[in-house]
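Structure first, then comments.
The values are calculated or read from the model by the stated rules, or taken from the named source; none is laboratory data. None of the values given here were measured: they were computed from a predicted structure. Counting neighbours? That spans all protein chains shown, and the Cβs are built from the backbone with ideal geometry, glycine included. Protein only, heavy atoms only, side chains kept; ligands, DNA and RNA dropped before computing areas. Shrake-Rupley method; radii C 1.70, N 1.55, O 1.52, S 1.80 Å.
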Amino acid sequence: MTHPAVRYLVGIAAMIALAFITANRGQVVLFAALSLPLAFTFVVVVFRWPKVGLYTSMLLSFLIPILNRFVYNIPYGFAVEIILILVYVVLFFKYFKKLDFKHAKNEVVALLSIWMIYILLQIANPWAQSFEAWAYAMRGVALLQFLLIPLAFVLFREKRDLLQFFSLYSF
């Protein structure tokens with residue numbers, strides 16, 4: 001065990017270092033340093049309950065217009081995609097042996113997959129302006145649906161799950 005004075009000195013040194021880096025690099029560093037514990041806690045909660053990631057991505061999707069009005073230059077849409085990919089990673093690592101995607105094998109996901117293939121083929125469109133424009137536009141047109149809908153079929157298997165979802169978003 002370390003002496004309490006050593007812990008205090010390490011804490012003070014970390015605060016001084018953070019203050020120095022914030023003064024030199026700007027407030028983004030301070031925001032990132034303060035949000036790391038929250039992000040770590042969120043990842044732990046999603047590993048415990050993967051549905052929380054789905055709920056959070058949906059809530060963030062509804063709040064993006066409000067958040068963009070008050071805090072600029074933060075890619076909230078990218079955060080939604082990261083959260084959905086995190087839920088897929090959690091499902092893969094946590095439920096590798098017993099994960100069953102049979103609920104996601106239906107007509108809706110099949111049509112969505114065809115739509116995603118069509119969107120991916122648009123990369124080769126000779127009339128396309130740029131790859132960056134395609135990447136920006138395809139996120140809202142196909143990618144979010146392609147990530148979200150199969151997740152909903154896998155995670156919402158019982159009537160109770162759907163009722164819980166509706167009760168959370170009916171406020």
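For the range 94-132, filtering for residues that are within 30 Å of PHE47 (Cβ to Cβ) and not aliphatic (A, V, I, L, M) leaves 12. Condition first: under 24 Å from ILE149 (Cα atoms) and either touching a helix residue (DSSP H, G or I) at 6+ places or on another chain (Cβ under 6 Å) or open to solvent by less than 90 Å² (accessible area, probe 1.4 Å) (or both). Can you find one or more residues in the range 2-25 that meet it? No, there is no match, as no residue in the range 2-25 is under 24 Å from ILE149 (Cα atoms) and either touching a helix residue (DSSP H, G or I) at 6+ places or on another chain (Cβ under 6 Å) or open to solvent by less than 90 Å² (accessible area, probe 1.4 Å) (or both).
Scanning the range 26-38 for residues that are hydrophobic (A, V, I, L, M, F, W, C) and open to solvent by 50 Å² or more (accessible area, probe 1.4 Å) turns up VAL28, LEU30, PHE31, LEU34, LEU36, LEU38. Of all positions in the range 39-51, at least one carries a residue that is open to solvent by 80 Å² or more (accessible area, probe 1.4 Å), outside any helix (DSSP H, G or I) and closer than 27 Å to SER170 by Cα.
Selection within the range 135-156: residues that are touching a helix residue (DSSP H, G or I) at 6+ places or on another chain (Cβ under 6 Å), of a type outside the set (A, V, I, L, M) and over 14 Å from TRP115 (Cβ atoms). The member of this set that is most open to solvent (accessible area, probe 1.4 Å) is PHE153.
When VAL80, VAL108, VAL87 are screened for being surrounded by 11 or more Cβ atoms within 10 Å (Cβ to Cβ), under 19 Å from PRO50 (Cβ atoms) and modelled with pLDDT of 90 or more, only VAL87 passes.
Consider only pairs whose beta carbons are under 8 Å apart and that are at least six residues apart or on different chains; among these, list those whose first residue lies in the range 66-89 and is touching a residue at least 60 places away in the same chain (Cβ under 8 Å) and whose second residue is charged (D, E, K, R). Hits for this filter: GLY77/ARG139; GLU81/ARG139.
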